[in-house]
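Presented below is the structure to which this report refers.
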Amino acid sequence: MARKKIVFVIVEGPSDSEALGGILNKLFSDSSVYVHIVHGDITTQDDTTSGNIIKKITALVKNYASSRHLTKIHFKKVIHIVDMDGAYVDDSYVRLNKSLSSVVYSYEGIETSNVQGIIDRNHLKKECLNVISSKESIWKDLPYQAYFMSCNLDHVLYNKLNLSDDEKEKLSLDFAKKYKDNLDLFRMFILDSSFSLHQMSYRDSWSFIKQSNRSLKRYTNFGLCILEANKSDS
């Protein structure tokens, strides 16, 4: 029996993997799904630039392949799930609140005790997202697409912002329990929701989220990933 090709999925944190891991396995049932947890945002790490972001993403896949004696032919595609974090808002949306120990997001702006730090982060993240949203492949010709969650994954999946790690863990477990054995219900949740941009093309969805303050609002183009998976299963 032929070995299933690998769908390599990149997420930021453990709760992201908990929420979507089982669903992705069902969604790509014709493949072997591996979820790689970055434990952070690869687009804003200290050594990241817009010039090396693709190299860093490719290294994640290559390192996994090397550790398991695999080559590029064993992979079907790379899916990268990214949080928008308000990266495309004007600098004026970033506002000082000296009492805060962590960043607070809302549709009206980003509050922080370190305004310049968040502005610098946004500029770096925006530059990196511009690069990855225009890429169709990595590792020469391995298909790659980035799907955004705005303002972040918690916002899209649970309609909540500014969650603690404990809250994320609980909600991710609840979400997985609800949907991992009911793929049709998950498809309905994403595709029938007003926050889904699956009616647009992939490039148009990225163009949309980059405008005005939409990177703070509740939107995702992950529905396009669902539709693509449906095609491969049909």
Label selected from [x] 16.7, 52; [y] 17.4, 61; [z] 17.4, 56, the criterion being Rg and Dmax of the Cα atoms in Å as computed here: [y]
Restricting segment 95-146 to chymotrypsin sites (Phe, Trp or Tyr not before Pro) in coil, as DSSP defines it, with at most 14 other Cβ within 10 Å: Y107
Relative contact order (percent, whole number), the chain, Cα cutoff 8 Å, 6+ residue spacing: 25 percent
Lys pairs, segment 155-234 - Cα-Cα below 30 angstrom, 8 or more residues apart or on other chains: 23
K5 paired with E169, simple spin-label distance in nm, labels 7 Å along Cα-to-beta-carbon: 3.8 nm
Modelled FRET efficiency - R0 25 Å, D120 with K160, Cβ distances, 0.05 increments: 0.40
Segment 89-188: C-alpha gyration tensor shape, a/c 1.5 cut-off, then a/b vs b/c: oblate
Distance in nm between pseudo-label sites at N213 and L191 (7 Å out along the Cβ direction from Cα): 3.3 nm
For the chain: accessible area per residue (Å², 1.4 Å): 48 Å²
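Please report, as a whole percent, how much of the solvent-accessible surface of the chain comes from carbon and sulfur atoms (probe radius 1.4 Å).
The nonpolar share, carbon plus sulfur, comes to 48 percent.
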Given charges at beta-carbon only (K, R positive; D, E negative), |dipole| of the chain in Debye: 860 debye
GluC sites (Glu not before Pro) within segment 79-127, DSSP loop, no more than 11 other Cβ atoms inside 10 Å: E108
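For segment 130-183, run through the GluC sites (Glu not before Pro) and keep only the ones in DSSP coil with at most 16 other Cβ atoms within 10 Å of their Cβ.
Loop-located and lightly packed - E136.
The values are calculated or read from the model by the stated rules, or taken from the named source; none is laboratory data. Bear in mind the structure is a predicted one, so any value in this text is a computation, not a measurement. Note that we place each Cβ from the backbone using ideal geometry, even for glycine, and neighbour counts take in every protein chain shown. Please note that ligands, DNA and RNA were not included when accessible areas were found on the heavy atoms of the full protein model with its side chains. Shrake-Rupley method; radii C 1.70, N 1.55, O 1.52, S 1.80 Å.
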